[in-house]
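The structure under discussion appears below in the form of structure tokens.
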Ligand SMILES: [Zn+2]
């Protein structure tokens, strides 16, 4: 009888979630510049590593395998990293259109026009519904922890005009985002905060905020 129980329970305990974290941009092509002239790539890398260590040390997650793709990666490398994964999550920090940004005395871009997180999925990804499911899970957890979405990507201006499919959760559809449409698994691009905004940039460095984000990302495997 005891053996039967072990056999029945094994598949439940054997379940594990494979998460591919994609560090947005590369050291050379670093993405946006923050309000203190820091490079976006470094924020993306720090947050990705924080999610990994939070999973191992604070949550003691044994049911989630996390791989991190970093460095001078090509798009092909990024697509490959999504093969056989449950979720491909590209981590970024956000900016806004030039007309809303001023340069401060140090020549760094600066604006409080937009603030908050956003999540993107592609209708051309093979696993659109699952991608949406995970984006919703992450956004709901962020909201529960007091974070707010930014809606500025939906504005009817050049460079934005994105399709906001869930205003409350800050989820957009962006069909032709390359990493999302070509990923071989469900895929979400996460903008953790708007780092040309000094308030958001300070939060992006704050360990409590980073814990909250890690907690939200790791809610996908519950
Ligand atoms: Zn980016």
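You can think of it this way: the chain between residue 58 and residue 103 has 12.3 nm of extra reach, that is 0.36 nm per residue less the Cα-Cα gap. In terms of the mean number of neighbouring beta-carbon atoms within 10 Å, the peptides 32-41, 186-195, 146-155 order highest first as 186-195, 32-41, 146-155. The relative contact order of region 21-221, computed from alpha carbon pairs under 8 Å that lie at least 6 residues apart in sequence, is 31 percent. Length gained on full extension, residue 83 to residue 46: 10.9 nm, using 0.36 nm per residue less the C-alpha separation.
Mind checking the alpha-carbon convex hull of region 85-131 and giving the volume per residue in Å³?
Dividing the Cα hull volume of region 85-131 by its residues yields 115 Å³.
For region 23-140, the calculated P(r), taken from all Cα-Cα distances in 10 Å bins from zero up to the bin holding the longest distance, is 11, 34, 36, 15, 2 percent. The residues 134, 52, when put in order of fewest to most other Cβ atoms within 10 Å, stand as 52, 134. Calculate the tail of P(r) for region 21-221: the fraction of all Cα-Cα distances greater than 29 Å, expressed in %. Roughly 16 percent, once rounded to a whole number. The calculated pair-distance distribution of region 136-222 uses every alpha carbon pair, bins of 10 angstrom beginning at 0, and gives 15, 43, 36, 5 percent.
Cβ crowding within 10 Å, taken as a proxy for footprinting-reagent exposure, orders 162, 78 from fewest neighbours to most as 162, 78. According to the Cα-based calculation, Rg over Rh for region 75-191 is 1.01, with Rh computed by the Kirkwood formula.
We did not get these values from a lab; they are worked out from the coordinates using the rules stated. Note that the structure is a prediction, hence the values are computed from the model and not measured. With ideal geometry, Cβ positions are generated from the backbone for all residues, glycine too; neighbour counts draw on all protein chains shown.
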